Amino acid sequence: MKFFYLKFVFTGFLLALFSLQSVSQRSNGIAIEGKISVQQGIVEGAYIQMFMDGRRMDNYGFGPDGRYKVELNYNHKFDLIFTANENFSQKIVVDATVPKEVLQSDPRFPPFPLDINLFTEIPGIDKSFTNNTILKIYYNQNVDNFVSELYYNDAQIAKLIEQAKLQGQQIGKESDFLSKLTRAELAEMRKEYNSLLSQADRQYSGEQFLAALDGYKAAGKIFPNEQFPKDRIAEINDLLGLMMVAAELDKALAERFDLLIKEAGQLMMHKNYTDARNSYNRALSIKPNDNFANQQVNLINDLLKKQMADEQYIIIIAQADNSFKQLLYNEASKSYQEALTVKPDESYPKTKLQEIKEILASEAKNAEKMESYTQAMQQGEIMFQKQFYEKSLASYENALSLKPGDEIAARKIEEIKGIMDRLADKLMYDKLIDSADKSYKKGLLNEALPDYVAAAAIIPDDKYATQRIEEINQKLQLAGNFTDLIAKADNEFNTKNYSEAKSLYQEALKIRATDKYSLDRVREIDVLLAVLGVEEKYNASIAQADELFNAGDYENAKGEYNEAATIKPKEKYPKDRILEINTILSQIAKTNQTYLQTIAKADGLMIQKSYEKAKEAFAEASRIKPEEAYPAEMIIKVDVLISEQSRFAAEAEAERIRLAQEAAAAETERLAAIQAEKDKNYSEAITKADNLENARNEYRTAQAVKPGEIYPQQRITEIGTLLAQLSAAQKAYETAIAKADKEFKAEKFDAAKLAYTEAQKAKPEESYPGEQIAKIDSTVETRVRLAAEAEAERIRLAQEAAAAETERLAAIQAEKDKNYSEAITKADNLFNEKQYENARNEYRAAQTVKPGETYPQQRITEIEKKLAALAQAKKEQELLERNYANAIQQADRFFSGKTYNQSKGKYNEALTLKPEESYPKERIAEIDRILEQQAIDERYRVIIVAADGFFKTESYLQAKSEYEKALTEKTEEQYPKNQIAKIDDILQKGQQRILSEKIAAEDLQRRTDEITKLNREIEARGVASDAELKSIYDQYIRQADESFGSKMYVVSRGWYYKAWDVKPDENYPKQRIDEINRLLNSLLTSQRDRDYQRFVDLADSTFRDNQYAVARGWYNRALGMKANEQYPKDQIKEIEIKIAERMAGQSGQLFEADMQKAAAAFEANNYNVARFWYKMALELRPDDVDAKNRLKEIDEALRK
């Protein structure tokens, strides 16, 4: 700053001296004069925009020569903006404030000279830098004159233009880039922009202007069209211009750049990519062309873009999968396609899109089949409800052929076949019982018994047949000394002679085959004998397994525990031990795997020379397996390498500090020499100029005395030439020295040396250029030497590292060889001792050490063959025993549960395994006797069940007929007789009630017909407005209220539901429905009433959901409880009408008409009407997805 100040003072002094006699000084203001020039073009048309204290004044225009002179009044602040077409403007600030006492003493000051050179404007770049003040002129009391302070010289202005040009190119790219961003990406950039502005604002408020400057520049780079950062940048540039000179600003910016790069690097290490990018962008606002910073920004952008793409992809795929699961294939397809725009190479969305395409194609292809399938299913349901099972079966089989694999149709077919089989069994059962009863009544027991047994086999749970079989068997059994045999058997049992006791009990059973005591004793003895043998085998296996477990032989121990578990499957101890062994083996394998992975990681870090991390990994491996020597050995080697590395780093740092100190001393010396040289040059120039000027003035005086003399004029001309030469040489010298010093400071030694040589040519007598040239040669030589020494040291370190790596790899290989050899030796010994499981484990351990060796695998294969051969024989015998035991166990369980047919099958299965065993044979004989007895009562039970069913549904004539039929089966039973008496009494009283009920039924039918007609009329209307909807609602309410007033509560509730469906927001229908439910519950005095009402409620609910087949089933169930109730009959009739419409093909036309009306109302935002018609459409096609989706949209719209 001082240099520029002196330069302008000196220039002003010379100009004032030359124009002293020709220019008058102003007494009321300061005059600024000079010349404007442009890089290209002409100055004609240029002008100065003038502002006084912020207020706009008239422009000042220039002539063709570019000269100007403006006069500015004292005690005001002026902004002068020099402007020319196609050139960048420049802003000058003049502070004309002068102390009052100075103006009172002498208000006249010489004009202040100022030449302006405007740079050619480059179209399309940001011109905000032109708002910066390049020069300030103000009064200085120390010199009692106006002086200037330069903020930007021509070179610095040129640099600003170059930066703006680069920024303009970047902005163009970024504008194109911004236009292609998604909303999420723009939001992320806006977040980054706001973060930069917030940080810059805090730094600005804390007067950290240099830091705030790069923050605002980085923010402006994100959104180039935002004005706020530009305004702040201009403001800060003005402040920095006031606070420091250009050289200081350059140095401060360079330091700030280094700090930001370091800060960004640390953030990158911690994967804080967003803040790291902000720091790099701030650094780029200082040095836009820095390759490293630009590369890092691009890298971070790629990382963040990938991260954002991954997150976006996951969200879109989740949405797509959700739509796919909900069968919303069009929405899913759009989402999968959107996912492909984010990640075009992903195969999953492509696969799902192809799957959707195939599904949609299949659905389109099968549309016709589906319609036929629906019709077949409906016809099947109709025939099923009518109990035309053969026709229903044919319809469902037709539906299954149209839609193979359909679960509903298959389930229905299975259900119908089951019903038909049960009906066929019932017919055969009745025929057998009838035949057996005839033989039994005639006393032909041997002829009756097979028929009862056959009937019991058809219906095993029938008590009648079973009882008959037991009676016949008792009568056919030979009388024997049963008591004596039982006493002997009990005596043998009490003395624990179980085999003899069992034989005696079996002899007793030959007399009384169904004797429970004997049977229980035989079963108990079988269990005791089995337990005694099983317990002995179990204890032996457990003892052997525990011994192997305690010895650490886990594989063989596991085999023994498995053996014990098969002997006693319910025992918990062997299962717990097996789980414990599995955990131990898993932990051992996991520990080995973790150890090997950690060693591999540590070895890799050693190869990468990341010794600290490698040491940590080896330490971790040592903690995993403390017994291993390799990690400890490698930690010692790593410590040695780290020590060497630290020593080399310390030596390098010491050398760097020494060189820095030498450079600092040299720089101090250089700056002192420059200053001394400048002072000397200035003094000589002043002295010489003063002498020459004085001489020229004297010659001019002489010339004035004798104007005709030639000599004075020759001297005056000579002095002018000398002064011009002196000025030119000095200027060339100073220019060369300034350039050389700049290049020297930037360590561009070749350019600096060339400039110092130019300075020597301008002023050969000066010593400074020669000294600097010598210094450059010395510095270059020293750096070459140091570089050679550093390279030699690097080579030495690399050689040492290579030797250490070779040694480490050799140690690793030696350790592997040792471990492999030990494992193979141990495995071979175990193999020779026939401990095959342990041997196989050791061979596997050897494999993990040397996976490429074939010997361990050969041995493992051999062991597996031997183990398989040994196990096969054992397994075959164990399998036979286990299958036999399982068959007996299942047979006994079925027998205890009285599932005799299954029990007999299992005993037969046991006999095929062990034909010599007597126990299954004895059990089979006993079952045959039981089944024969069970067949006796079954016919009676079936008849009574049917009779009770007719009685409960008030079908009294059918009930009476069945009770009479039951008496033919069991003449001694009192229950049928009592029921017949009740029926006779009911029928007698019912005759009087029939007439009054008939009249009421006719009235009810009339009302029902009117209601049905009203319902049809309402549904046929073309409702298109809320007013018409309100009319329907009122009619429904009126009908509901009338029914409620007539105490037809169920009918009334149906109408209230219809009204509520039309206007869901109305509270009145809901209140009435709740009231009706309370009334109905209070009226339900019997279980029959409660069951009837429950079936009606279920039927009404499914009817409202358009599940007509299900609703009809519930209405039929309700009629089963109360056959004379009219409401279920009316609803069934309504269902048949709706089903008939569908089957007649009318539903498609009605559905399309309803959907069109709904769509028109929806488009007109008439959501209530739209909802009415969509619900009407769903009555015709309950599963239509479009109608359901639209109803959801309407609900959401109405909620808003």
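The values are calculated or read from the model by the stated rules, or taken from the named source; none is laboratory data. Quantities reported herein were computed from a predicted structural model and do not represent experimental measurements. For neighbour counting, all protein chains shown are included, and Cβ atoms are generated from backbone atoms with ideal geometry for every residue, glycine included.
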Can you pull out every residue in the range 770-786 that is modelled with pLDDT under 90 and either of a type in the set (Lys, Arg) or in contact with a Ser or Thr (Cβ under 8 Å, 6 or more places away or on another chain) (or both)? Lys775, Arg783, Arg785
Kindly list the number of the only condition in (1) under 30 Å from the mean Cα position of the chain (by Cα); (2) crowded, with 19+ Cβ neighbours inside 10 Å that fails for Lys306. (2)
Across the range 104-129, what is the number of residues that are more than 18 Å from Tyr60 (Cβ to Cβ) and either of a type outside the set (A, V, I, L, M, F, W, C) or surrounded by fewer than 16 Cβ atoms within 10 Å (Cβ to Cβ) (or both)? 14
Restricting to the range 824-875, what's the tally of residues that are polar (S, T, N, Q) and surrounded by fewer than 17 Cβ atoms within 10 Å (Cβ to Cβ)? 9
Consider Asn278 against the criteria (1) polar (S, T, N, Q); (2) in the same structural domain as Leu186 (by TED's automatic domain parsing); (3) surrounded by fewer than 19 Cβ atoms within 10 Å (Cβ to Cβ): it satisfies all of them except one. Which criterion is unmet? (3)
Output yes when any residue across the range 715-729 is basic (Lys, Arg) and free of Cβ contacts under 8 Å to residues at least 40 places away in the same chain, and no when none is. yes
Can you tell me how many residues in the range 735-763 are buried (at least 18 other Cβ atoms within 10 Å of the Cβ) and either in contact with a strand residue (DSSP E or B) (Cβ under 8 Å, 6 or more places away or on another chain) or acidic (Asp, Glu) (or both)? 2
If we only count strands (runs of 3 or more DSSP E) wholly inside the range 17-131, which ones have 3 or more residues that are touching a residue at least 24 places away in the same chain (Cβ under 8 Å) and within 20 Å of Gln156 (Cβ to Cβ)? 29-38, 77-83, 90-95, 116-118
Evaluate the range 64-77: report whether one residue or more is polar (S, T, N, Q) and either within 25 Å of Gln40 (Cα to Cα) or touching an Asp or Glu at 6+ places or on another chain (Cβ under 8 Å) (or both). no
So which of Ile567, Ile588 ends up being surrounded by 15 or more Cβ atoms within 10 Å (Cβ to Cβ) and among the β-branched types (Val, Ile, Thr)? Ile567
In the set Glu381, Glu355, the lone residue that is assigned to a helix (DSSP H, G or I), charged (D, E, K, R) and touching a Lys or Arg at 6+ places or on another chain (Cβ under 9 Å) is Glu381
Looking at (1) in contact with an Asp or Glu (Cβ under 6 Å, 6 or more places away or on another chain); (2) closer than 28 Å to Glu815 by Cα, which is the one condition that is false for Asn556? (2)
For the range 314-352, enumerate the residues that are over 19 Å from the mean Cα position of the chain (by Cα), part of a helix (DSSP H, G or I) and either among the hydrophobic types (A, V, I, L, M, F, W, C) or loosely packed, with under 14 Cβ neighbours inside 10 Å (or both). Asn330, Thr351
Within the range 380-402, identify whether any single residue is surrounded by 16 or more Cβ atoms within 10 Å (Cβ to Cβ), touching a residue at least 40 places away in the same chain (Cβ under 8 Å) and farther than 30 Å from Ala966 by Cα, and answer yes or no. yes
Tally the residues that are assigned to a loop (DSSP other than H, G, I, E, B) and either at pLDDT below 85 or among the aliphatic types (A, V, I, L, M) (or both), restricting the search to the range 709-746. 2
Out of all the residues in the range 610-632, which are loosely packed, with under 15 Cβ neighbours inside 10 Å and either hydrophobic (A, V, I, L, M, F, W, C) or in contact (Cβ under 8 Å) with a residue 60 or more places away in the chain (or both)? Ala629, Ala632
Residues that are among the aliphatic types (A, V, I, L, M) and surrounded by 21 or more Cβ atoms within 10 Å (Cβ to Cβ), at least 3 per element: which helices (runs of 4 or more DSSP H) completely within the range 1042-1111 meet that? 1049-1062
I'd like to know if the range 5-22 contains one or more residues that are touching a strand residue (DSSP E or B) at 6+ places or on another chain (Cβ under 6 Å) and modelled with pLDDT of 90 or more. no
Please tell me if Glu815 is loosely packed, with under 12 Cβ neighbours inside 10 Å and of a type in the set (Asp, Glu). no
For the range 492-506, which residues satisfy the criterion of being loosely packed, with under 15 Cβ neighbours inside 10 Å, at pLDDT 85 or above and part of a helix (DSSP H, G or I)? Asn494
